[in-house]
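The values are calculated or read from the model by the stated rules, or taken from the named source; none is laboratory data. Quick caveat: nothing in here was measured; it's all calculated off a predicted structure. Reconstructed Cβ throughout: ideal geometry from the backbone, glycine too, with neighbour counts over all protein chains shown. Just the protein is used for accessible areas: all its heavy atoms, side chains included, with ligands, DNA and RNA removed. Shrake-Rupley method; radii C 1.70, N 1.55, O 1.52, S 1.80 Å.
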Amino acid sequence: MSETGKPISRVDGRMKVSGKATYAAEFNQPNMAYAFPVRATIAKGKIASMDDDIIRKELGVIAVISYKNAYKLKPLDMQAQMKAGAAFLGENLPPLQDNVVHYPGQFVAVVVAETYEQARAAAYKLKVRYTADKAAVDLRTELPKSTKPKMFMGEEAQVNEGKAAGPLAASAKKVDHTYSTPVEHHHPMEPHATVAVWEGTDRLTLYDATQGVGLTSAIAAYFFGLHQENVRVVAPFVGGGFGSKGLWLHTLLVAIAAKAANRPVKLALTRQMMQTNVGHRAATIQRVAMGTDAAGQLNVLRHHTDTYNNLTQFFEPSGKQTLVLYKAPLREVTYNVAHLDRSTPTFMRAPGETPGTFALECAMDEMAYQLKMDPVEFRIKNHTAQDPVKGHDFSSEFLVECYRTGAERFGWASRSMEPRQKRQGKYLVGYGMATATYPGGRSAASVKVLMNNKGNVTVMTASIDIGTGTYTVLAQTAADALGVPVEKIDVKIGDSSLPPAPLAGGSQTTASIHPAALDACVLLRKELVSIAIADPGSKLNGSKPEDIGFANGKLFVKGNEDRSETYLNILNRAKRNEIEACATTLPVSGAGLTVPSALCTPSQTPPEQNSDIKQYAFHSFGAQFAEVWVDEDFGTIRVKRVTSVQDVGRIMNEKTARSQIIGGVIFGIGAALMEATEYDKRWGNPVTRTLADYHVPVHLDVPPIDVHFIGKPDPHISPIGARGIGEIGITGVSAAIANAVFNATGKRLRDLPLTPEKFFES
Amino acid sequence: MRPFKYANASNPAAAIKIVTADPAARFLGGGTNLVDLMKEDVMHPSQLMDVTRLKFSVIEKKANGLSIGGTASNAVTANHDLVRENYPLLSMAILAGASAQIRNMATNAGNLNQRTRCTYFYDANMPCNKREPGTGCGALHGVNKNHAILGWSEKCVATYPSDMAVALAALNAVVQVEGSGNTKRNIPFADFHRLPGEHPEIDNTLKHGELITSIDLPENRLAEKSYYLKVRERSSYAFALISVAAALETNGNRIKDVRIALGGVAHKPWRARIAEQWLRGKEPTQANFRAAASAELKHAKPLGQNKYKVGLAAKAIVRALEGAMQGGTYGAMEADSTTTNQN
């Protein structure tokens, strides 16, 4: 029976719950010192002076490093960085290279001391004086100065600008509303941490809480002018990332500190630093308009986003889903991006779709009400089976089945369209739903598989398990591909010295590395077969390779299973201690889908050579249903249950997949009801500083979540058939909840999160 | 965190003497707030005198009520039979606060001494008259949706964060303290915490070096009609937007005694004496509860972002009094949560 798909528990679960899984901050080194950063207390300006000499005399202090004495990193150079695979820096600000302050909380110095406490005490005492400039700290104030970026991640950013007005005016029915979403922070359970160890001046090891060991290695190598193979990044376990664990400045900062101290140095960020130094999801103000004919067929969709950026080109792409969902002859998607002197926005779980589906899917609900049409039926009526902009078929798409199955499982039929019809004691009860979607990503990856003569298999790739289950599902894929039990498979990941794999971002790890793992196993089996059939001592001697089957650790002749031989016997007789194979997959279609390479080095295929992207659009879809209970006296909203039906291709492990969707839904509940970082409008600093202020759902906020997978493999994404699953679970959730609040109360709340005061202000 | 000395007190008089002699010394209970403040560089005690092993953790009956020890944990206090039977309001209030882990560590005396959760107070780079007198109040014209609507001053708009203290205010508790030279005094709860006025840096009327040895709860006939209501942004582990400790004693269909205290509205637990006065002798009807609540909140002065609290507080007072009349139950603090008892 196939191991793939089985709901087996995490193979690393026992290590995690027994404290044996080693995270970045736990890689203590002999003679290690500790670093504590000093952060800017103004939003914009220059450092005028600092009392670093006084602090050098503090107890235990080894070094105080600032722009005055920091190691000179290679300067920013986007062309050179692209070439080196080092372009994807969290913010384009190599640390401590000059005295300019770009946002409150920016690292302006780092203190290195014998103990963490000494470093912290000295860092707190370091007096820094600034000359402050007038800073841009509020989105609404800065919007008049915003610009319209042409591109976002290689795609046109402004689509059909100005073209929606005519069709909107001509539509029989229309809605046009403004929705807003706040700043959100990722706050993975494990705070960011790095231990930097130099060997001489040309070899660096970083034990780093990262979503990409290869990325971190390339960026560190670039800025320190090292060969990439001399920068080893190790991250066997990472306690969540959600987009915040790309490469941020503390990783370079600690390498600078370790160089200056000439010792291994550890730097662990505090929660307060995680509010300013590792990115956030930017606030958005989104205006969504749509028009239909009298029968409810969409004529036009318009989605405009106001947001901001700082220190990178990234901005929150909240119009993304509006280019993918629903059949409408015209859609206009535009952005205005202001500059704020605020810490740098970045990717956060379903960047774009999380705030974007809130706006679009609430507007869809408002439109359905205007048409007096059931929101599920309105969506089905406007469903599209093709990418509505590019015209390509979706590679695999069962969205209507998601709606129907979700409605059935949730009991949608018992919903009253009319608001305020259902009560439970003092609560008003409402049902709401929304569409979920996220792109199906895929990148080049290499995987090496090694089998030894004890029957153990090792699967190796420089991928990462950020809590998603990478270890577990890789073991399942290899177990099936080799016909050995999962327990015999050892997965080695999280080390940049292993064969390259993409960073754990964009929901692409499974889709990228599993085809390579499968191919490496096929190559390994081929070698076993060729050894066996050539060996006069083997029962398989003389057979044709295509006649050989495999199962239970054996090769056998198909149709004559008595003629079989164990892998161990084959290896032992050949006097081989081990054999290995490596495969690389490139994201191209058809026969060229996987390209075996003995060198284990993928090269990214340029999109224009990627034939199936010209043929298919790769997207996952889902439907989210929520029941809320609202206490109108207090404006408190509680989610009572959620049904989430997902079309994400093949399910590799029903248990870890379900956990991913549950996690996404909980993230969505947080976004809907409580998560928000607030900034002081005078000084620009975050007032929400810790997890006491930044509320995420507690257990009691998390209701029963019914997760159902369509489970149909995607025949075009890879021979494995799985698309990613890490991000889609959050999309649509906040809209489903806000739509349920309307159904319960008759109040449209269009500004997240839906905290009690919003209820009274609306 | 700056370097500091730590000592474990074995003798109250000696511990009090040491702390009294050093203006920068502090008593240490569970440390659930003080240690955070030290890590945040907000407080820099020269030494910590750990009092958790002193024999002040007893909960016992006294002639006219109950005495709960200063170093008894919040968890033990909330779950003590004598407290549950005679002062369910206190039990409910404690259990509405913090998390199980924090309640296990936190002491009763420490709970009364905790500092505001105003984030301007916690951020050592922000102005805050409570942390650094003379620097101004960051919240007055800043992010203040969780701040005070009653009794604030231009110097400080912070609220007092404790749930336990709101119940103690309603219960007319008396704080027993011991100072140097074996001096003992008691402080009526209403006089324990103070409004900010010109000196928000002073939270309460304890003198430096005075140690809370116990909290006395006078006898009452309120146990059957008590209710603690807490409205917050999530179902648990969040400070109150508004909380209400309500307790009633009725005589026939008339209110004989009524206690109402509010949390989340002021620099101290706010005893709603105007509302109490209005209700005494009247019938316990919803209309009367509403009128009493609005009489109390007529004096509210909301800030830029917390106008919602005025209406919310009025509704919470009514709901809490109704809950008390129905004979509040354990778990009542989850009344704002729809996630219990269903599914």
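Counting only Cβ charges, +1 for Lys and Arg and -1 for Asp and Glu, the dipole size of region A:165-274 around its Cα centre is about 140 debye. Going down the table (B:145/B:184; A:320/A:640; A:426/B:298; A:426/B:130; A:492/A:575; A:150/A:259), which pairs top 31 Å between alpha carbons? From the list (B:145/B:184; A:320/A:640; A:426/B:298; A:426/B:130; A:492/A:575; A:150/A:259), the Cα-Cα distance tops 31 Å for B:145/B:184; A:426/B:130; A:150/A:259.
The residue list B:179, B:166, B:190 was ranked by how far each Cα lies along the charge dipole of region B:151-206 toward its positive end, using unit charges on Cβ atoms, and B:179 comes out on top.
These residues, A:185, A:708, go from largest to smallest accessible area, 1.4 Å probe, as A:708, A:185.
Which FRET efficiency value, to the nearest 0.05, is calculated for residue A:294 and residue A:145 with the Förster distance at 35 angstrom and r the Cβ-Cβ distance? Efficiency for this residue pair is about 0.25. Taking a label point 7 Å from the Cα of residue A:682 along the Cα→Cβ vector, which residues of region A:125-167 have an amide N closer than 17 Å to it? Taking a point 7 Å out along Cα→Cβ of residue A:682, the residues of region A:125-167 whose backbone N falls under 17 Å are A:132-138.
Taking Cβ atoms as reference points and 14 Å as the exclusive limit, the residues near residue B:268 contribute a net charge of +2, counting Lys and Arg as +1 and Asp and Glu as -1. Rounded to the nearest whole Hz, the Karplus-based 3J(HN,Hα) values (6.51 cos²θ - 1.76 cosθ + 1.60, θ = phi - 60°) of region B:203-213 follow the sequence 7, 8, 9, 5, 8, 4, x, 6, 10, 6, 9, with x at glycine and proline. Both chains summed, the buried accessible area for A and B stands near 3900 Å², from protein heavy atoms and a 1.4 Å probe.
With the helix formula -39500 (n - 2.57) applied to DSSP H stretches of n ≥ 4, chain B reaches a computed 222 nm mean residue ellipticity of -7500 deg cm²/dmol. Maximal additional length on extending the residue B:224-residue B:286 stretch stands at 20.4 nm, based on 0.36 nm per residue less the C-alpha distance. Among residues other than residue B:39 with Cβ under 14 Å from its Cβ, the summed charge is 0 (Lys and Arg +1, Asp and Glu -1). Averaged over peptide B:305-311, the number of partner chain Cβ atoms lying within 10 Å of each residue's Cβ comes to 3. What is the sum of charges around residue A:128, taking Lys and Arg as +1, Asp and Glu as -1, for the other residues whose C-beta is under 12 Å from the C-beta of residue A:128? Counting the neighbours of residue A:128, the net charge comes to +4. Sort the protein assembly as shown into rounded, prolate or oblate with this rule: let a ≥ b ≥ c be the square roots of the eigenvalues of the Cα gyration tensor; rounded if a/c is under 1.5, and if a/c is not under 1.5, prolate when a/b is larger than b/c, oblate otherwise. Prolate shape, in that a/c is at least 1.5 and a/b is the bigger ratio.
Between residue A:271 and residue A:568, the contour length at 0.36 nm per residue exceeds the alpha carbon distance by 101.8 nm. Taking 4.7 Å between C-beta atoms as the pairing limit, the protein assembly as shown has these partnerless cysteines: A:362, A:402, A:521, B:118, B:128, B:137, B:156. Apolar share of the accessible surface for chain A: 53 percent from carbon plus sulfur atoms, 1.4 Å probe. Taking the charge dipole of the protein assembly as shown about its Cα centre, with +1 at Lys and Arg Cβ atoms and -1 at Asp and Glu Cβ atoms, the residue from A:219, B:57, A:721 reaching farthest to the positive side is B:57. Of the beta bridges in chain A, as assigned by DSSP with both residues counted there, near 75 percent are antiparallel. Among the listed pairs B:17/B:61; A:16/A:245; A:173/A:614, those whose Cα-Cα separation exceeds 26 Å are B:17/B:61; A:173/A:614. Ordering A:621, A:310, B:253 by the projection of their Cα atoms onto the charge dipole of the protein assembly as shown, which places +1 on the Cβ of Lys and Arg and -1 on the Cβ of Asp and Glu, puts B:253 at the extreme positive end. Evaluated with a Cβ-only charge set (Lys, Arg +1; Asp, Glu -1), the protein assembly as shown carries a dipole of roughly 1620 debye about its Cα centre, given to the nearest 20. Label sites at residue A:202 and residue A:72, each approximated as a point 7 angstrom past Cα along Cα to Cβ, lie 2.1 nm apart. Put the Cα centre of region A:387-453 next to the Cα centre of region A:636-670 and the gap is 9 Å. Close amide H partners of residue A:183, meaning residues 5 or more places away or on another chain with modelled amide H under 5 Å apart, are A:283, A:677. For chain A, hydrophobic long helices are taken as DSSP H runs at least 20 Å long by C-alpha position along their axis with mean Kyte-Doolittle hydropathy of 0.5 or more; these are A:509-534, A:654-673. Only helices enter the 222 nm calculation for chain A: every DSSP H run of n ≥ 4 contributes -39,500 (n - 2.57), and dividing by all residues gives -7500 deg cm²/dmol, rounded to 500.
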